[in-house]
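Peer 1: Structure in C-alpha cells, see below.
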C-alpha cells in the first residue's frame with residue numbers, strides 16, 4: 001500500500017500528538033511486562049477529539065482496502081479509535097472484555113463483545129504493546145469464535161517486553177499467517 005501525502009501528514013500529526021500528550025517519563029506505571037518509569041498513556045490520545053480523529057484515520061488507512069467485516073481489539077483505551085476507523089469503513093466493531101460478561105445468557109458467558117461470527121474476516125488493533133499479552137488474548141478470542149484474522153495493527157510498539165516478537169511467535173506456533181503492521185516504535189517517537 002503506497003502512502004499518499006495526506007496519509008503521511010496525518011501520521012506525522014499523530015506522532016507529534018503522542019510525543020506531546022502521551023509520552024510520560026520519571027513516573028511509575030504498571031504494564032503486563034512490569035513496572036516502568038517511561039511509558040505511553042494512550043488514553044491521552046483516545047479520549048480526546050483530535051487524538052480519536054488522527055488515530056482513527058491512521059487505522060482506517062491500514063484497513064480500508066481489506067475485505068473485513070469488523071475491526072477490534074482490547075477494549076480499554078483503543079475503543080474510540082476502533083469506532084472511528086469502523087465508521088469510516090462502514091464495518092462493525094468488536095472488543096475483548098477485561099473480565100468475562102456475567103450478565104445475559106447464562107449458557108453463553110462472553111469475553112468478546114461483537115456481532116461477528118465464525119468465518120468472519122477481521123482486523124485486530126492494539127494501542128501500546130509491551131508484552132503483547134492483550135493482543136495474544138484478542139487473537140485467542142477471535143480464533144475461539146471462529147473468526148479469521150486478516151491483519152494486526154499496533155499503533156505503538158513500546159519496545160519493552162518484546163511484545164511484537166511474542167505475538168509473532170504465538171502466530172507461528174498456531175500456524176497463523178497474519179501480517180503485523182506497527183505504526184510507530186518507541187524509537188520512532190523519541
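Yes/no matrix, rows are residues, columns are (1) touching a strand residue (DSSP E or B) at 6+ places or on another chain (Cβ under 9 Å); (2) modelled with pLDDT of 90 or more; (3) surrounded by 15 or more Cβ atoms within 10 Å (Cβ to Cβ); (4) over 18 Å from residue 73 (Cβ atoms):
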{"site": "9", "(1), (2), (3), (4)": "no, yes, no, yes"}
{"site": "19", "(1), (2), (3), (4)": "no, yes, no, yes"}
{"site": "26", "(1), (2), (3), (4)": "no, no, no, yes"}
{"site": "38", "(1), (2), (3), (4)": "yes, no, no, yes"}
{"site": "57", "(1), (2), (3), (4)": "no, yes, yes, no"}
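Peer 1: Among the candidates 119, 132, which residue alone is modelled with pLDDT under 95 and under 24 Å from residue 47 (Cα atoms)?
Peer 2: Result of the check over 119, 132: 132.
Peer 1: When the residues of the stretch 40-50 are filtered to those that are assigned to a helix (DSSP H, G or I) and surrounded by fewer than 22 Cβ atoms within 10 Å (Cβ to Cβ), which remaining residue is nearest to the chain's Cα centre (by Cα)?
Peer 2: Applying the filter and picking the extreme gives 43.
Peer 1: If I filter the stretch 137-181 down to residues being touching a residue at least 40 places away in the same chain (Cβ under 8 Å) and part of a strand (DSSP E or B), which single residue comes out as surrounded by the fewest Cβ atoms within 10 Å (Cβ to Cβ)?
Peer 2: Checking each candidate, the answer is 181.
The values are calculated or read from the model by the stated rules, or taken from the named source; none is laboratory data. What you see is a predicted model; the values in this text were computed from it and never measured. Cβ coordinates were reconstructed from backbone atoms using ideal geometry, including for glycine residues, and neighbour counts include every protein chain displayed.
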